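Novice: I have a structure I would like to understand better, so I am pasting it below and will then ask my questions one at a time.
The values are calculated or read from the model by the stated rules, or taken from the named source; none is laboratory data. For clarity, every value in this text was computed on a predicted model and none was experimentally measured. Neighbour counts are summed over all protein chains in view; Cβ atoms, including those assigned to glycine, are modelled from backbone coordinates with ideal geometry. When the accessible area is computed, the model is the full protein with side chains, heavy atoms only, and any ligands, DNA or RNA have been set aside. Shrake-Rupley method; radii C 1.70, N 1.55, O 1.52, S 1.80 Å.
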Amino acid sequence: MKPGSKTWLVIGALILIGSPLIEGGTTYIPITGLRLLILAGTAAWLWQGLKDPSFAVASSRGDLWILAFWALTALSLVRSSYPYMTAYWYGNIFFLILLYYLALQPATLNQPERDRIYHGTATLLLLMAVAFSLWGIAEFIFGRESRASAGFFNPNGLAGYLLAISPFALARLLWPIDAGGAADPSRARRFNWQRLSLLAALLLMLAAILCTRSRAVVIGFLSFGALLCLRFRLKALVPLAAALVLLVAVPNPVRERMLTLRQGDPYAWERLRIWEASLEMIRDHPAGVGLGLYKYYYPRYGRAVETIKVGRYEKSAGTAHSELLHLAAELSPLAPLLLLGIAVPLILLTFSFGARGTWSLGARGTWSLGARVPSPAHAQPDALGAAAGLLAVTAHGIIDANLHETAIAVAAVVLAAMLTAWLGPGSRGGTRRRRFSFHYPWVMKALLLTLTPVIAAALVFISAAYGLTEAYARIPDLDERIQKLARIAPYNAGYAPLSDHLSQALFQKARLLGRVELLEKAIREEDLARRRNPNNYRYAQGLGVLYLELAKLLKKDSGLLKAAEHYFRGALTLYPNHPFILHRLAEISRRRGQWPEEEGWLREALVREPFYFQARVELIIGLARQGDLAAAGTQFQILASQRNEIRDMVKKQPEAFATPYQRELLYLPAGQWEALAKQFEPKPGPTP
């Protein structure tokens, strides 16, 4: 299958069209489909190439940088404390590297055919961006959400995707393809329609970016500004300044969000704290915590959200909200340097050629920044558009986790491949063309026929462990849920949540029936989950809960409270600020009759979450039991004041405390408040 064949182009088109439909994050099953598509394209290309005595392969002059980055991910896979998750993200990176080299192969073709393929790729990306822009604008106008996301994981993902692709439209407008002259009126009309279409597409994408209300809009000034400065030099500062004034002065969705940011979004500036925590993580783990494991280490470094009254420690970051910091935390600070070493030279070399008015396309030629580029040389405007798009992705990656969106990652890889091919073999950042000869091609074909289905089966097996677990965990009937989870448990592929879901289901049934053997099975499954992923505090916490429940069920200690305390303390090392873990340790101390320890744990929980009602109630009861009625009365007055404050807030905003975490903090058993009020509320004095 040659790079210009119909099958190759169809596979490439499916990848570009399908990637924006995959929601960001760990969406295992659709991403497995994308991986299988890349695998099929690679296998078909190799199979076709093996039919010739020698076949040409395009590689990058940045191969060593790419190899070093891949080696870091492979090393992380070897030393990972949770191989399943690391293997998932390793697979993502490996297949993106594979996609990069697939997208680079048109460089082996002659120049016109190569440019035609890449021009069509840029056009397809523009069409996809226009479609998602229309979706986002319609969602913003007619939908219930205040920010457009158009199927992306969050609105910032849509903004990042459009910022990566919209420079193609601007570059084609600034350096238009020749209209054919006045001697050909039909061609001139077609040229004018093309320019109008490009202008409409650009305006649509800009409108959609505004509808996301994302602060990433500032990245547009960087990428668009680079193109405008190449075209108009210092004169470009005038339209850029005008655009900035319009963004700040004229009412628009981004301006409205910035004006109401503090009131409307309590988490608006929390990424600054996340970056601070990420730097601490990098300091403590200079070799990286492991690919895909950032979210399990973050709770050790989490900060309170000071703008939140109830649930200050509820949010735990899954990413560093900066791709560079995220890579540094997971793979070591060398990883972002390698990634920048791949992207930055491509961007700078492309802009350098554009600024000098010279272009390397295998054969050197000249073109004027102010003149129309003669047809069919589509490479120049599309190359500058690709460089500006890659600049937008790189800059956005400094302040957000944009590459966790599959569509942006795929677009970035394709843009990098296009730039590498266009820079040509005569450039430091361009391609190398090599020919490989095989005296025994049947051996390679046999390996290809063997390895391809094995890799495909492994990919399906890993994603099936996730997909079946999540599907079975949602089954309402408890017995059926346990039966189906137990059936797939031997084929877990190292996926820790499978054992955790089975343990929780067994726990529910044990509490319903009061059966010790079910609780013991639940403990074994939860311990299996903890051993598979020892850095997830939830599993250690879950084991503590199970041992504590077993002690209650057996109505004796016999070392069970000690085991529960051991696991709760282990969970606390993984999440030092978790109020519910602190509360559980207070419960163990109360069962042992150790009031000073119980009081200490309760006060620690209240320092983390001052509105933890149950912890404060138990503190009041404990103080009263110790005879310190004055201190108990003081705590009761605090509780009464907090309760009234929450009641007033709920009246103004009924859905103010809707998360399970917040509801647990504010929960009081029926009759408990009345009993406390009867004991501690001041009695009305005698009537004179």
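Novice: Can you tell me the relative contact order of the chain? Whole percent, Cα pairs under 8 Å, sequence separation 6 or more.
Specialist: Relative contact order, the chain: 16 percent.
Novice: Report Glu525's accessible area, 1.4 Å probe, all protein chains in place, as a number in Å² to the nearest 10.
Specialist: Estimated to the nearest 10 Å², Glu525 gives 40 Å².
Novice: Computing the accessible area with a 1.4 Å probe over protein heavy atoms, can you report the carbon and sulfur percentage for the chain?
Specialist: Summing carbon and sulfur atoms, their accessible area is 63 percent of the total for the chain.
Novice: Report the local net charge at Val607: Lys and Arg +1, Asp and Glu -1, summed over other residues whose C-beta lies under 12 Å from its C-beta.
Specialist: +2
Novice: Quick one: grab the alpha carbon gyration tensor of region 1-149, order the square roots of its eigenvalues as a ≥ b ≥ c, and give me rounded if a/c is under 1.5, else prolate or oblate depending on whether a/b is larger than b/c.
Specialist: On the way: a/c = 2.22, a/b = 1.18, b/c = 1.88.
Verdict is oblate for region 1-149.
Novice: Based on the Cβ-Cβ distance of Arg569 and Trp442, what FRET efficiency does E = 1/(1 + (r/R0)^6) give at R0 = 56 Å, to the nearest 0.05?
Specialist: 0.35
Novice: Going by alpha carbons, how many degrees (0 to 90, nearest 10) lie between the helix axis of 83-104 and the longest principal axis of the chain?
Specialist: In the chain, helix 83-104 runs at an angle near 10 degrees to the longest axis.
Novice: Within 14 Å, Cβ to Cβ, of Ile97, how many net charges do the neighbouring residues add up to if Lys/Arg are +1 and Asp/Glu are -1?
Specialist: Value of the local net charge: 0.
Novice: By how many nm would the segment from Leu98 to Phe221 lengthen if fully extended, with 0.36 nm per residue of separation less the alpha-carbon distance?
Specialist: 41.1 nm
Novice: What are the lysines whose alpha-carbon lies under 25 Å from the alpha-carbon of Lys51, with same-chain residues fewer than 8 places away excluded?
Specialist: Filter leaves Lys2, Lys6, Lys445.
Novice: Right, something else. If we restrict to alpha carbons, what Rg and Dmax does region 54-131 come to, in Å?
Specialist: Rg then Dmax for region 54-131, in Å: 16.7, 50.
Novice: Ratio to report: Rg/Rh of region 200-303, with Cα atoms as the point set and Rh obtained by the Kirkwood method; give two decimals.
Specialist: Value, to two decimals: 1.12.
Novice: Still on this structure, I have one more. For Ala471, what is the net charge nearby, where nearby means another residue's Cβ is under 15 Å from its Cβ and Lys, Arg count +1, Asp, Glu -1?
Specialist: Net charge in that neighbourhood comes out at +1.
Novice: Additional query: What number comes out for accessible area per residue over region 402-508 if the probe is 1.4 Å? Units Å², please.
Specialist: Accessible area per residue, region 402-508: 48 Å².
Novice: Figure the gain on full extension for Arg663 and Gln111 (residue separation times 0.36 nm, minus the Cα-Cα span) and round it to one decimal in nm.
Specialist: Length difference between fully extended and current span is 192.3 nm.
Novice: Still on this model: In degrees from 0 to 90, rounded to the nearest 10, what is the angle of the helix 629-652 Cα long axis to the longest principal axis of the chain?
Specialist: 40 degrees
Novice: Next question. Which whole-number percent is the relative contact order of region 384-472 (Cα, under 8 Å, 6+ apart)?
Specialist: Details: 34 pairs, mean separation 14.8, N = 89.
It comes to 17 percent, rounded to a whole number.
Novice: If you take the C-alpha gyration tensor of region 526-610, multiply each eigenvalue by 5 and take the square root, what semi-axes do you get, largest first, in whole Å?
Specialist: 20, 18, 8
Novice: For Phe55, what residues show an amide H to amide H distance below 5 Å, using hydrogens built from the backbone and excluding near sequence neighbours?
Specialist: Excluding prolines and chain starts, which carry no amide H, the hits are Phe436.
Novice: In addition: Along the three principal axes, how long is the chain when you take its alpha carbons, biggest first, rounded to the nearest angstrom?
Specialist: 107, 71, 44
Novice: Given H placed 1.01 Å from N in the peptide plane, which residues other than close sequence neighbours of Ser60 have an amide H under 5 Å from its amide H?
Specialist: Counting only residues 5 or more places away or on other chains, the set is Arg432.
Novice: Before anything else, pin down the relative contact order of region 11-167: Cα pairs under 8 Å, at least 6 apart, normalised by residue count, whole percent.
Specialist: Working: 94 pairs, mean separation 41.0, N = 157.
It rounds to 26 percent for region 11-167.
Novice: Just from its helices, what would the mean residue ellipticity at 222 nm be for the chain, if runs of 4 or more DSSP H residues each count -39500 (n - 2.57) and the sum is divided by every residue, rounded to the nearest 500 deg cm²/dmol?
Specialist: It comes out at -23000 deg cm²/dmol, rounded to the nearest 500.
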